[in-house]
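S.K.: First the structure, which I've put down as structure tokens, then a few questions once you've had a look.
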Amino acid sequence: MLLIHCPWCGPRDEIEFAYGGEAHRVRPADPSALSDAEWADFLFLRANPKGVHRERWVHAHGCRRWFNVERHTVTHEILRVYPPGAAAEPDAAVAEAQPPQASQQGVRS
Amino acid sequence: MANAVDLPRVGAVARFASAFAVPPDRAGGALTLVEMIPPGQINLRCDGHDPRAARAVGGVLQGLLPVNANTVQSAADVTVLWLGPDEWLILTAPGQEGAVMAQLREALTGLHAAVTDVTGNRALLRLSGPSARETLQKGCTLDLHPRGFRPGQCAQTVLARAGIILHQRDDAPTYDILPRRSFAEYVWLWLSDAMAEYNGRAISG
Ligand SMILES: [Zn+2]
């Protein structure tokens, strides 16, 4: 069970939250200009890293606000919690924990 | 409060116990559970850090607008619970919600705000006495230890899988539990069972 720090309500049990998938996905400005493969990539393909993952959560049974969590997918350690709209830049600790992996990046277009 | 008796405002757990305007004296500090007459309920959305909004709301609500997370401010006939960074639940005496809403809407004219009548959304159960904390801890993952959750604090959380708003009123300790009305019977029965080992009493009027 994770103890997640809602940026507004403070530390709460995981059961109060719902998961919202990978964070910082940007919807293409002009979807009709994309090929089917590019559109499918936006819709279905996610980084799914073994390591630090930036993801969206919503405090469903609390303040009902969305926010971002930086979580290590192996240890479940939560490295950072930050409000929506805040910068996604990795801090030093994250950069250290997630060396660039060519195999993962190769999957993404 | 005068309007309370005029209103056909039936409690959410009326099948088990009639609702009280004032809870009966707790017998010798025993653990008790009662339902209060459902209060007027108003949802307020606005920017509490905007001085104009704070002034407007404060003028109507006797200066009450808790901007600190998980806190409650109350006066005789009104209780204001922090629900989020720009959201509050206002509890009024039964029947007073219409007047309070009209005043809020007038005061907030021209500001980015929303005042919504949510009366009837939630029931108000009051659990009080020694072991109230232990009773809640059986089904609530919130840390209710006095160092972390004190009188004047509230939280939107989960009790035995039902979403509730929890408000600690005093050190008895007394808790106000606000489940959605359709969950009230379930929460009442769950609490009655959880209280049993402490000889708690779900009081029926
Ligand atoms: Zn929250």
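S.K.: Any residue at all in segment B:146-154 that is open to solvent by less than 20 Å² (accessible area, probe 1.4 Å) and out of contact with any strand residue (DSSP E or B) (no Cβ under 8 Å at 6 or more places or on another chain)?
M.R.: Within segment B:146-154, none of the residues are open to solvent by less than 20 Å² (accessible area, probe 1.4 Å) and out of contact with any strand residue (DSSP E or B) (no Cβ under 8 Å at 6 or more places or on another chain).
For (1) within 11 Å of another protein chain (Cβ to nearest Cβ); (2) modelled with pLDDT of 95 or more, each residue gets a yes or a no:
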| site | (1), (2) |
| --- | --- |
| B:Gln62 | no, no |
| B:Leu81 | no, yes |
| B:Glu87 | yes, yes |
| B:Glu97 | no, yes |
| B:Val100 | no, yes |
| B:Ala132 | no, yes |
| B:Gln137 | no, yes |
| B:Gly148 | yes, no |
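S.K.: If you take just the strands (runs of 3 or more DSSP E) that sit entirely in segment B:59-142, which of them hold at least 2 residues that are at negative phi and of a type in the set (Val, Ile, Thr)?
M.R.: Answer list for segment B:59-142: B:78-84, B:87-92, B:114-117.
S.K.: A:Trp57: among the aromatic types (Phe, Trp, Tyr) and within 16 Å of the ligand (Cβ to nearest atom), yes or no?
M.R.: In short, yes.
S.K.: Among the residues of segment A:42-89, how many are in contact with a helix residue (DSSP H, G or I) (Cβ under 8 Å, 6 or more places away or on another chain) and open to solvent by less than 30 Å² (accessible area, probe 1.4 Å)?
M.R.: Residues that pass the stated criteria total 6.
S.K.: Please go through segment A:1-35 and give me each residue that is out of contact with any strand residue (DSSP E or B) (no Cβ under 7 Å at 6 or more places or on another chain), among the small types (Gly, Ala, Ser) and more than 12 Å from chain B (Cβ to nearest Cβ), ordered by number.
M.R.: Once the filter is applied, which keeps residues that are out of contact with any strand residue (DSSP E or B) (no Cβ under 7 Å at 6 or more places or on another chain), among the small types (Gly, Ala, Ser) and more than 12 Å from chain B (Cβ to nearest Cβ), segment A:1-35 yields A:Ala29, A:Ser32, A:Ala33, A:Ser35.
S.K.: Within segment A:12-41, can you find the residues that are within 16 Å of the ligand (Cβ to nearest atom) and open to solvent by 70 Å² or more (accessible area, probe 1.4 Å)?
M.R.: Result: A:Ile15, A:Tyr19.
S.K.: Any chance segment B:166-176 includes a residue that's in contact with a strand residue (DSSP E or B) (Cβ under 7 Å, 6 or more places away or on another chain) and closer than 20 Å to B:Gly63 by Cα? Even if it seems obvious, please write down each step before you answer.
M.R.: In the first step, residues of segment B:166-176 are kept if they are in contact with a strand residue (DSSP E or B) (Cβ under 7 Å, 6 or more places away or on another chain); the result is B:166-169, B:172, B:174-176.
In the following step, the residues that additionally are closer than 20 Å to B:Gly63 by Cα were identified as B:167, B:169.
The answer is yes, given that some residue of segment B:166-176 is in contact with a strand residue (DSSP E or B) (Cβ under 7 Å, 6 or more places away or on another chain) and closer than 20 Å to B:Gly63 by Cα.
S.K.: For B:Arg161, which of the numbered conditions (1) open to solvent by 30 Å² or more (accessible area, probe 1.4 Å); (2) touching a strand residue (DSSP E or B) at 6+ places or on another chain (Cβ under 7 Å) fails to hold?
M.R.: Failing condition for B:Arg161: (2).
The values are calculated or read from the model by the stated rules, or taken from the named source; none is laboratory data. Just so it is clear, the model here is predicted, and its values are computed rather than measured. No Cβ is skipped: glycine too gets one built from the backbone with ideal geometry, and neighbour counts run over all protein chains shown. Please note that ligands, DNA and RNA were not included when accessible areas were found on the heavy atoms of the full protein model with its side chains. Shrake-Rupley method; radii C 1.70, N 1.55, O 1.52, S 1.80 Å.
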